[in-house]
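Remarks on the structure that follows.
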Amino acid sequence: MPRDTVTGVTDEVAEARAAAEARALNERFAGATAQEVLRHALTDPAMGRIATVSSFGAESVVLLHMISQIDRAAPVLFIDTQMLFEETLQYQTDVAEQLGLTGIEVVRAPAPELAKADPDDTLHKRSTDACCDLRKTVPLANALLAYDGWVTGRKRFQAEARAALDYFESEGPRVKVNPLAGWSATDLKAYMDEHDLPRHPLVAKGYPSIGCWPCTTPVKEGEDPRAGRWRGEEKEECGIHFIDGKVVRGPLPVSEPASDPVAEAAPERKSA
Ligand code: SF4
């Protein structure tokens, strides 16, 4: 039975504790606002070390603005798959500066692993699951080793698979917090308008959900907002998130974290 060598707690015990904690928090925060849930996650010492994971996508600025109202130095993990649109990279820099966020950590796959598994940046054409594992799931899993829990910007309305999303979930030994779970697209727009927040430039070009450039297409009127992600494939999630306690598909084994992922070389980028 795997055991944490520092605490002596087994994986099974840690997972059961996280599940019980998530259940208790959902009861306690039933009827609470997104801001109340987020404030608890970021400031209550009982939550431990908490990071927010943000794609700096179409709606990310809402959660990022709420964070800036609570703690501008709170850790925000930005996964740079090195296949992102130029517009996303510029937007990330602009939003962080405008909101005064000082805790941004850029997470990337280590260059040697990319060179070995995807030397010509075409893995996404052969296997989007393997590419997402290499560029997103495993780097995030490694980055999260330093944290006790994480905050996401997921909402129920985004996809059928997210229809039962709660404020708090457990994922392995960690609690995952979804402050915007119950927000609608109208709520998000109203918040952005009220606070005059900068919009991702690709939204105006027909991208209501924005991922990597090879796997994101514009969405037509009336389509699901995430219909442009991995269009033509059954894939709905990149593997970062789990459903009913199980990952959507199996990730690659977690490898040793890069000593300084921000320092890894960045390849060519594309604009929409
Ligand atoms: Fe690779 Fe596409 Fe996944 Fe990005 S979204 S990591 S390009 S498969």
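Quick look at the numbers
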quantity	calculated
Distant-in-sequence amide H partners of T52 (H built 1.01 Å from N, under 5 Å)	V76, L77, V151
The stretch 1-102: relative contact order in percent, alpha carbon pairs under 8 Å with at least 6 residues between	22 percent
Too-long pairs where the Cα-Cα distance tops 22 Å, listed order kept, from K136/K220; K116/K136; K176/K205; K125/K220; K136/K189	K136/K220; K176/K205; K125/K220; K136/K189
Inter-site label distance for H195 and D121 at 7 Å from Cα along Cβ, in nm	3.3 nm
Cα centroid separation - the stretch 116-170 against the stretch 17-45, whole Å	22 Å
Percent accessible area from carbon and sulfur atoms, the stretch 11-247, protein chains only, probe 1.4 Å	51 percent
M83 accessible area, assembled protein chains, probe 1.4 Å, Å²	10 Å²
Largest-first principal axis extents of the Cα set of the stretch 66-121 (Å)	42, 21, 13
E97 accessible area, 1.4 Å probe, all protein chains in place, Å² to nearest 10	150 Å²
Ranked order, R226, R39 - accessible area, probe 1.4 Å, largest first	R39, R226
Per residue solvent-accessible surface (Å²) - the stretch 11-247, probe of 1.4 Å	45 Å²
Area of Y91 that stays accessible when all protein chains are in place (1.4 Å probe, Å², to 10)	10 Å²
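The values are calculated or read from the model by the stated rules, or taken from the named source; none is laboratory data. Just so we're clear, the structure is a prediction, and the values are computed from it rather than from any experiment. Note that we place each Cβ from the backbone using ideal geometry, even for glycine, and neighbour counts take in every protein chain shown. Protein only, heavy atoms only, side chains kept; ligands, DNA and RNA dropped before computing areas. Shrake-Rupley method; radii C 1.70, N 1.55, O 1.52, S 1.80 Å.
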